[in-house]
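S.K.: Handing you a structure now.
The values are calculated or read from the model by the stated rules, or taken from the named source; none is laboratory data. Quick caveat: nothing in here was measured; it's all calculated off a predicted structure. Heads up, the Cβs are rebuilt from the backbone with ideal geometry, glycines too, and the neighbour counts pull from every protein chain shown. Heavy atoms of the whole protein, side chains included, go into the accessibility calculation; ligands, DNA and RNA do not. Shrake-Rupley method; radii C 1.70, N 1.55, O 1.52, S 1.80 Å.
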Amino acid sequence: MKIRSTSDFVKELQKEKELLVIEEEVDPILELAEIQRRVVAKRGPAVLFRNVKGSRFSVATNLYGSEKRMRIAFGEDPVKFVQKIAYTIQHFLPPSPAKVWALRHLAFQALRVGLKKVNSAPVLENTLESLHELPTIKSWPKDGGNFVTLPLVYTESPKTGKGNLGMYRIQIHGPLETGMHIQIHRGGGNHYFEAEREGKGLPVHIYAGGPPGLTIAAVAPLPEEISELILASLLLGEKLKIYKNSNVSSLPIVADADFLISGIIPPKIRKPEGPFGDHYGYYALKHDYPIVQVKNIFHRKDAIWPATVVGRPPQEDHWIAEYLQDLLSPMFPVVMPAVKGVWAYEESGVHSLAAAVVKERYQGEAFTGALRILGEGQLSLTKVLLVTDQNVDFKDFRNTFISVLERMNPITDLHIFSNISQDTLDYTGPEVNKGSKAILLGSGEKKNSLKTGFKGKFVSSFFQDPIVAYPGTLVVSGKKYKKNDGLPAKLLKEKCIQDFLLVFIVDDSIDATRSDHDFIWSIFTRFEPAGDIYANTKLIRNHPGLYPPVVIDCRLKDWYPPLTEADSQTVKRVDDRFGRLLDSL
């Protein structure tokens with residue numbers, strides 16, 4: 001069965017016993033999100049809220065929150081297809097009759113991928129007068145309002161007509177106005193930049209629901225040359241239905257979407273947007289962003305509103321990130337021949353930490369491969385990149401990290417790039433969108449015998465609870481951050497840390513080392529390479545050589561946004577109303 005709408009998806013999940021239906025009225029302000037987080041924490045099923053206060057539409061959440069549900073949505077074919085495409089590109093030349101014949105099934109499958117023009121569109125069956133009729137949600141207490149949390153934003157370049165489908169959060173400003181958290185380093189941001197420079201508004205479609213592949217394609221880190229709609233078709237397993245009617249919109253309409261909000265992003269208008277509890281586990285703060293002036297709101301007759309909740313990982317988006325990386329990873333060696341594989345750690349908020357396996361056929365090739373990664377699409381947002389030439393399993397972070405540390409000489413292999421751009425949602429830098437990157441390069445033979453135990457004693461009482469999280473890696477609790485407190489420099493002088501390669505100062509070393517997941521989140525979301533890495537340094541051939549131990553300050557700084565935390569009243573309300581149900585999952 002092809003899943004063409006949220007209703008189709010929900011029916012299929014119900015058949016597979018992967019759906020929890022809640023009939024009681026649920027408030028979209030905080031309560032719905034708290035239920036969703038509890039279900040995710042239990043690794044529970046998708047949830048259908050049939051009675052959402054203030055709206056006649058049902059809401060479906062956690063649709064993508066497990067490997068099984070991803071398989072229900074897409075099957076195995078898309079992953080195998082991409083693997084075959086990558087293999088073909090790398091091995092087809094020179095062609096031969098045998099090779100061509102071997103690819104016949106691939107060609108037949110490729111014929112099913114693309115766009116199909118249709119004469120009608122279910123999404124246009126009904127209209128709404130106001131955005132307030134939609135069951136948009138508020139996820140966290142300090143959020144600036146209600147948001148569309150799975151928005152599929154389609155725009156086209158005013159210059160080339162090339163389209164882009166992205167996911168940029170949408171805050172509801174009024175009955176016919178939203179915010180548009182569009183970012184310049186993404187496709188839609190480029191389109192708006194082009195339109196605004198010409199003094200024109202940018203037409204926009206904001207979809208919700210439809211074929212599950214549409215949602216996944218919107219967040220896929222594709223090169224700008226590849227259409228997200230084509231990827232959506234591949235995931236759907238058939239051509240994506242497109243309806244065109246200039247009387248309705250100048251943009252193509254995805255016929256099977258559940259909802260469509262159409263409008264214009266006007267030039268030169270900015271309004272405050274946010275705060276919003278984001279996937280880093282912190283609030284993205286209030287900033288001025290463009291708006292959408294809404295012209296029409298459409299929905300299909302059986303529409304179900306899809307929503308998700310983000311916050312400290314892991315949340316539902318963990319499974320989306322893993323699926324996408326499994327799906328697209330075979331293509332990395334195709335577009336980056338020196339790179340065997342790349343993995344971005346969703347536990348870090350995706351962009352804070354990635355690891356790569358590269359080729360090292362000659363001295364310095366691994367470094368060249370690392371630079372290639374940092375210049376590729378959304379991978380360019382990576383803040384810290386671990387690089388090795390060993391064939392490690394990226395999903396085994398411990399082994400990957402140790403493999404790099406065993407081979408890394410910080411004097412020559414720790415590279416910091418200062419005064420460059422940084423992900424908009426990463427507030428560790430000196431200003432929004434400004435920061436630095438680091439490459440930790442560990443290739444070749446093992447160079448280091450990593451210390452596995454700590455038996456020393458600190459001279460200063462500022463340091464507590466030292467824990468060897470990984471061989472060669474010490475995590476230490478330090479006093480609360482205060483600007484220019486000199487604590488990293490004090491730690492560098494402690495004799496008991498001198499045999500370690502890396503030493504991290506954190507607010508709570510016990511909490512930060514409970515698991516690989518906790519380590520990745522507590523460490524890599526809380527430091528900026530240029531501002532928080534300390535070592536005894538010597539300039540060698542104009543390269544700052546960092547002599548171990550290298551101390552990294554990962555305490556919460558006073559300019560960081562607050563952590564996302566549920567309010568006690570909502571927690572109690574959900575306990576009282578749904579505690580028994582959720583505990584049974």
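S.K.: Is there a pair in 53/295; 434/538; 395/446; 2/116; 162/340; 142/383 whose C-alpha atoms are over 23 Å apart, and which pairs would that be?
M.R.: 53/295; 434/538; 162/340; 142/383
S.K.: Take the Cα coordinates of the stretch 235-338, assign each an equal point scatterer, and use the Debye formula without solvent to give log10 I(q)/I(0) at q = 0.13, 0.14, 0.15, 0.22 Å⁻¹.
M.R.: -0.89, -1.01, -1.12, -1.15
S.K.: What number comes out for accessible area per residue over the chain if the probe is 1.4 Å? Units Å², please.
M.R.: The answer is 43 Å² per residue.
S.K.: How many percent of the accessible area of the chain is carbon or sulfur, using a 1.4 Å probe?
M.R.: The computed percentage sits at 51.
S.K.: Moving on to the next point. Pop out the ³J(HN,Hα) list for the stretch 375-386 in order, Karplus 6.51 cos²θ - 1.76 cosθ + 1.60 with θ = phi - 60°, rounded to Hz; leave Gly and Pro as x.
M.R.: Couplings: x, 10, x, 5, 5, 5, 7, 4, 8, 10, 10, 8 Hz.
S.K.: Could I ask something else about it? Quick one: which residues, 5 or more positions from residue 202 or on another chain, have an amide H under 5 Å from its amide H? H modelled 1.01 Å from N in the peptide plane, none for Pro or chain starts.
M.R.: Here the answer is 265, since their amide H atoms fall under 5 Å of that of residue 202.
S.K.: Same structure again: Could you compute how much accessible surface residue 283 exposes when probed at 1.4 Å, giving the result in Å² to the nearest 10?
M.R.: Near enough 10 Å² of accessible area.
S.K.: Moving on. Would you pull out the residues with amide H under 5 Å of residue 308's amide H, same chain only if 5 or more places away, H placed 1.01 Å from N?
M.R.: 149, 150
S.K.: At 222 nm, what helix-only mean residue ellipticity would the chain give, in deg cm²/dmol to the nearest 500, using -39500 (n - 2.57) for each DSSP H run of four or more?
M.R.: -7500 deg cm²/dmol, from helical runs alone.
S.K.: Next question. Of the DSSP beta bridges with both residues in the chain, give the percent that are antiparallel, rounding to the nearest 5.
M.R.: 70
S.K.: Could I ask something else about it? Could you please state, rounded to a whole Å, how far the C-alpha centre of the stretch 255-315 is from the C-alpha centre of the stretch 340-396?
M.R.: Cα centroid of the stretch 255-315 versus Cα centroid of the stretch 340-396: 31 Å apart.
S.K.: Report the Cα centroid-to-centroid distance between the stretch 187-234 and the stretch 504-555 in angstrom, as an integer.
M.R.: Comparing the Cα centres of the stretch 187-234 and the stretch 504-555, I get a distance of 36 Å.
S.K.: Let me check I've understood the local charge: for residue 209, count other residues with C-beta under 12 angstrom from its C-beta, Lys and Arg +1, Asp and Glu -1. What total comes out?
M.R.: Residues close to residue 209 contribute a combined charge of -2.
S.K.: Return the long-range amide H neighbours of residue 451 (sequence gap of 5 or more, or a different chain), with a cut-off of under 5 Å between placed amide H atoms.
M.R.: 472, 501
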